[in-house]
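The values are calculated or read from the model by the stated rules, or taken from the named source; none is laboratory data. None of these values were measured; they are calculated from a predicted model. Glycine also receives a Cβ, built like all others from the backbone with ideal geometry; neighbour counts cover every protein chain displayed.
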């Protein structure tokens with residue numbers, strides 16, 4: 001299997017999305033997933049575009065071999081951007097799953113949230129359960145499974161915050177449900193904060209809309225969560241592996257607006 005190269009795809013809205021490799025060796029390949037692409041096909045729509053199929057097809061295209069197979073090691077939500085790791089062999093898949101089960105893989109996310117957590121760093125230990133048996137919504141419940149999420153404030157604004165988040169366990173929508181539970185939901189999250197986008201009018205005080213007959217262009221219109229870092233000891237080479245995914249343009253656009261228009265006034 002040849003080394004994966006960056007390639008472009010079009011989503012259902014005809015927008016160009018770039019899938020870029022972040023790490024690769026003979027056992028593993030990690031890519032920077034754009035928001036809007038599920039890692040695997042939806043069970044109700046097997047023909048849906050998904051990251052696993054796209055990468056396998058790209059490997060076939062590059063190598064001109066009749067087939068190519070990769071194994072999913074972990075998943076992130078469709079709307080979440082950032083690192084997704086795949087195995088190139090069944091043995092690598094087995095070993096990496098073992099590391100995940102033993103919690104020997106450190107995952108780091110960046111989250112832009114409403115408000116600021118108190119305290120500014122800590123660990124959320126709240127059991128989670130799939131709401132009414134549906135996996136698309138998760139809530140805190142004493143009848144749920146144990147779930148733990150660590151967080152650290154990285155940057156504080158007047159009304160929002162940038163957090164570094166590390167899920168210790170791996171429950172469905174764990175970060176999103178836990179942040180909501182402590183009163184700091186993601187800035188954009190149609191499920192957990194009832195917000196589908198954010199524009200400058202929600203950030204800049206006294207903002208005047210240029211065209212009253214047209215909606216404000218959104219700074220970002222997907223969940224404000226990015227799988228930023230992945231660290232582990234390689235099960236075959238024994239080397240420490242550190243993978244980092246750069247921030248996408250929409251995430252950076254929101255941060256830039258917050259740093260300019262929602263910064264905390266200096267009190268000297």
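Looking at 48, 26, which one is in a loop (DSSP other than H, G, I, E, B) and either free of Cβ contacts under 8 Å to residues at least 12 places away in the same chain or in contact with a strand residue (DSSP E or B) (Cβ under 6 Å, 6 or more places away or on another chain) (or both)?
Details: 26 fails: either free of Cβ contacts under 8 Å to residues at least 12 places away in the same chain or in contact with a strand residue (DSSP E or B) (Cβ under 6 Å, 6 or more places away or on another chain) (or both).
Criteria check complete, one pass: 48.
Given 199, 211, which one is without any contact (Cβ under 8 Å) to a residue 24 or more places away in the chain, over 22 Å from residue 75 (Cα atoms) and crowded, with 16+ Cβ neighbours inside 10 Å?
Numbers: 211 fails: crowded, with 16+ Cβ neighbours inside 10 Å.
Checking each option against the conditions leaves just 199.
Within the range 217-235, is there a residue that is out of contact with any helix residue (DSSP H, G or I) (no Cβ under 9 Å at 6 or more places or on another chain) and modelled with pLDDT under 95?
No, the range 217-235 contains no residue that is out of contact with any helix residue (DSSP H, G or I) (no Cβ under 9 Å at 6 or more places or on another chain) and modelled with pLDDT under 95.
Given the criteria farther than 27 Å from residue 111 by Cα, modelled with pLDDT under 95, in contact with a strand residue (DSSP E or B) (Cβ under 6 Å, 6 or more places away or on another chain) and not in a loop (DSSP other than H, G, I, E, B), does residue 58 qualify? Show your work before the answer.
Details: farther than 27 Å from residue 111 by Cα: yes; modelled with pLDDT under 95: yes; in contact with a strand residue (DSSP E or B) (Cβ under 6 Å, 6 or more places away or on another chain): yes; not in a loop (DSSP other than H, G, I, E, B): yes.
Yes, satisfied.
Could you look through the range 92-107, keep only residues that are in contact (Cβ under 8 Å) with a residue 12 or more places away in the chain and assigned to a helix (DSSP H, G or I), and pick out the one that is surrounded by the fewest Cβ atoms within 10 Å (Cβ to Cβ)?
My answer is 98.
Could you say whether any residue in the range 101-110 is more than 24 Å from residue 178 (Cβ to Cβ) and touching a strand residue (DSSP E or B) at 6+ places or on another chain (Cβ under 7 Å)?
No; the residues of the range 101-110 include none that is more than 24 Å from residue 178 (Cβ to Cβ) and touching a strand residue (DSSP E or B) at 6+ places or on another chain (Cβ under 7 Å).
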